[in-house]
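Reading through the structure tokens given below for one structure.
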Amino acid sequence: MLDFQQSAHASGSRVALLKHSLAYVKQSLPIASARTAVITVVIVAQISLSPGCVRLSRQNVAQESPISNPGNAININTASKEELATLPGIGEAIAERIVLHRKQYGPFRRPEHLIMVRGISDPKFRAVRPRITVE
């Protein structure tokens, strides 16, 4: 039955998978009872019509990481090196790079732009994100 699934998948049609599966059942079980055939058809139909891949909407992505306490958030455009070093995972060297990046390229427009600074990885940014802001 794997060959039929592969050929149906290659054609990209779930209906083709259902047709191939039914043909396989007819060839393999010529004396099968009507009940067995109905059960097989129902199972194959459920498998072939179930969603293979579910996509999440991108609308909720930005809402998943809100600032937990905006009153205590550090503005990365005005914070000193010492203030930046208080953020989790940000030491004095990275804080210095943030200040230098700000001087060289101007203020950050979005908190996500902090990732452009060498030493700020995605996991490190995710840890810092609730505690920073850009104004």
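No lab work stands behind these numbers, since they all come straight from the coordinates. Treat the numbers as computed from the prediction; the structure is a model and nothing was measured. All Cβ positions, glycine included, derive from the backbone under ideal geometry; neighbour counts span all protein chains shown.
Table for the structure above
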{"quantity": "Projected area, mean over directions - the range 66-135, Cα convex hull, nm²", "calculated": "4.1 nm²"}
{"quantity": "Amide H within-cut-off set for N77, under 5 Å, with H built and near neighbours excluded", "calculated": "E135"}
{"quantity": "Label-point separation, H113 to A16 (7 Å along Cα→Cβ), nm", "calculated": "4.9 nm"}
